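Undergrad: Can you keep this structure in mind? I'll have questions shortly.
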Amino acid sequence: MRMIATRRLGRIGAGALEGLRRWREDRSGATLVQFIVVLPVFVVVVIGSYAMFRVMAARDTLCEATWEAARYLQIEGPHFPKDDPAFEYPGGWEQIATQIMNQELASRTLIGLYPIDTNNVDLWPDLPRSSPEDTLSVSREELDNNLFELQVTKSITNPLGMFFDMPNDEPGMIKLTCRTGGFYEGPPVEPTLIQRGPQNPVGCGQPPPNRCPACPGCTPTTVGRNTPTVCPICRP
């Protein structure tokens, strides 16, 4: 009886070992196991890439709007009314910069930048700017009096807020900052409008539709069809 029991136990043990060997060598579910292991990593990479792209796109858009506002102030600022508080430097300039940036960001609501508040716009130094006496030779002191910087900060929703928050920011938010510089283009630099467009040479008069009239010191110039007529250059 003992011998029979021992043989049965031996056959059961051998069967168990054989089943274990077959289970270990079975590859039919390997693909599913690999997919389960790789899926979380793939999801994190995709979400992280999307979040990074969204933050970079928002920052680039904000910096572009900041540059547009600084460029406008640089060109038009010297021609603002001097006695109007709405155009006073720096408070009035900050209001104008805010309006320009909101116009640039009004159609881009998906990135969460619109609207920009005036409290988030900072223009410095606080002292009024002045133009150089000579644009071809600017001293260091004059340069310090001409330059200004415009800075804008805006908090947007953190795309990865479900995983972690950025340090020194509000919970679930991420702060973007853009800074750009400008140059006070006052006199003796002439406004762009004065230099725009052709000017009739002195002594030539108004040209006819197809040919400039001959006049003392002028060379007649014939223009082609459908081409604007330009008065010839007067020569001594």
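Undergrad: Would you call ILE111 surrounded by 12 or more Cβ atoms within 10 Å (Cβ to Cβ), under 23 Å from ALA57 (Cα atoms) and at pLDDT below 90?
TA: The answer is yes for ILE111.
Undergrad: Between a residue in the stretch 136-160 that is at pLDDT 90 or above and any residue that is of a type in the set (Ser, Thr, Tyr) and not in a helix (DSSP H, G or I), which pairs come within a Cβ distance under 6 Å, given they are 6 or more apart or on different chains?
TA: Within 6 Å, the pairs are LEU150/THR180; THR153/THR177.
Undergrad: Can I ask one more? Can you tell which of ILE47, ILE96, ILE75, ILE116 is without any contact (Cβ under 8 Å) to a residue 60 or more places away in the chain and either of a type in the set (Ser, Thr, Tyr) or assigned to a helix (DSSP H, G or I) (or both)?
TA: After applying the criteria, what remains is ILE96.
Undergrad: Okay, next question. With respect to GLU18, is the statement that it is in a helix (DSSP H, G or I), charged (D, E, K, R), in the same structural domain as PRO159 (by TED's automatic domain parsing) and out of contact with any Phe, Trp or Tyr (no Cβ under 6 Å at 6 or more places or on another chain) true?
TA: Answer is no for this residue.
The values are calculated or read from the model by the stated rules, or taken from the named source; none is laboratory data. In this text, all values refer to a predicted model and were calculated from it rather than measured experimentally. All Cβ positions, glycine included, derive from the backbone under ideal geometry; neighbour counts span all protein chains shown.
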